[in-house]
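Peer 1: Quick one: structure below, then a few questions.
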Amino acid sequence: MSPTPKETGAELAAQTVAAPAIPGASRGRLFLNRLLFRVMLFTMGSVAVFLHLAIRNERLTWRFAKAQARNLARVLGVRVRVRGLEHLKNGPVVFVANHQSHFDIAAILGFVPGYTRFTAKKELFREPVLGLVMRTLGMVPIDREDTGKSIQRLRRLRSGDHSLVFFPEGTRSRTGNLKPFKKGAFVTAIELGLPVVPIACRGGRDIMPAGGYLSIVPGDMELVVLEPIATSGLGYDQRDRLADQARAAIAAALE
């Protein structure tokens, strides 16, 4: 995956100079995983785009992507365990998860049941290859500078039976500490009348260390699906309380 727009210039140079030592894996395995990760992402993305253009079946394309995300974890030696699936009922929800690494996306895509759409900052959609893959998979661009426009775009998805996935910290936490939550996910849940389901992602930072040049370290990752938080009857002015409640649930699960 490409670095975020903010990770340029001096910051990338700093990462290059001070890349962390990665324990728990040989240099050969890290090199192989780095190569496999790039090759599989490119191959998966290309096939997904082909399927979408050739058969115009979004569900089939999404099922392919979910299966390949699970294959990616297995090939790279990442064991993903999911707890709390009993909290998922029929019907769409708004998932909110903490964000420790890029692998959080693959883990949620591959191992959380259901048909989901991820949200991502609109700048990523401008990249020719990545943007095409994201649009193919039905991902939703979020304009951080124009929340109203993003909400209108999400309202148009109201009639679907898919769930939405947000990382309300906005960016990955490089320290592992939970960052403050932005309010967009919770405004969306209130607007659409969907329950909020927090997901605590554990182990992602060790699987894909910051500054590790997209290195994937074999190991264990856990997704903890927490109890849904109802939004029925809530108004816009209660978005902060909803965000605080979801963040507190995730923080408790990470302890």
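Peer 1: Checking L85 against (1) hydrophobic (A, V, I, L, M, F, W, C); (2) at pLDDT below 90; (3) exposed (fewer than 15 other Cβ atoms within 10 Å of the Cβ): exactly one of these is not met. Which one?
Peer 2: Looking at each condition in turn, L85 falls short on (2).
Peer 1: What are the residues in the stretch 184-240 that are over 17 Å from the mean Cα position of the chain (by Cα), assigned to a loop (DSSP other than H, G, I, E, B) and either of a type in the set (S, T, Y) or under 20 Å from L254 (Cα atoms) (or both), if any?
Peer 2: Within the stretch 184-240, Y213, S215, E227, P228, T231, S232 qualify.
Peer 1: In the stretch 70-112, how many residues are farther than 23 Å from E169 by Cα, of a type in the set (V, I, T) and part of a helix (DSSP H, G or I)?
Peer 2: Residues flagged as farther than 23 Å from E169 by Cα, of a type in the set (V, I, T) and part of a helix (DSSP H, G or I) within the stretch 70-112 amount to 1.
Peer 1: Report, by residue number, each residue of the stretch 26-69 that is outside any helix (DSSP H, G or I) and either under 26 Å from P218 (Cα atoms) or among the β-branched types (V, I, T) (or both).
Peer 2: Hit for the stretch 26-69 is S26, nothing else.
Peer 1: Name the pairs whose Cβ atoms lie under 7 Å apart, with the first residue in the stretch 173-195 and more than 14 Å from A97 (Cα to Cα) and acidic (D, E), the second modelled with pLDDT of 90 or more and in a loop (DSSP other than H, G, I, E, B), and 6 or more positions between them or separate chains?
Peer 2: none
Peer 1: Moving on to the next point. Going by the structure shown, is G110 surrounded by 18 or more Cβ atoms within 10 Å (Cβ to Cβ), at pLDDT 90 or above and within 16 Å of the chain's Cα centre (by Cα)?
Peer 2: yes
Peer 1: Just the residues that are of a type outside the set (G, A, S), touching a Leu at 6+ places or on another chain (Cβ under 7 Å) and more than 17 Å from P195 (Cβ to Cβ), please, taken from the stretch 227-255.
Peer 2: Within the stretch 227-255, just L254 meets the criteria.
Peer 1: Okay, next question. Does A67 satisfy the criteria of being surrounded by 16 or more Cβ atoms within 10 Å (Cβ to Cβ) and within 28 Å of L194 (Cα to Cα)?
Peer 2: Against the criterion (surrounded by 16 or more Cβ atoms within 10 Å (Cβ to Cβ) and within 28 Å of L194 (Cα to Cα)), A67 does not qualify.
The values are calculated or read from the model by the stated rules, or taken from the named source; none is laboratory data. Quick caveat, the model's predicted, so the values are computed rather than measured. Glycine gets a Cβ as well: all are built from the backbone with ideal geometry, and neighbour counts include every protein chain shown.
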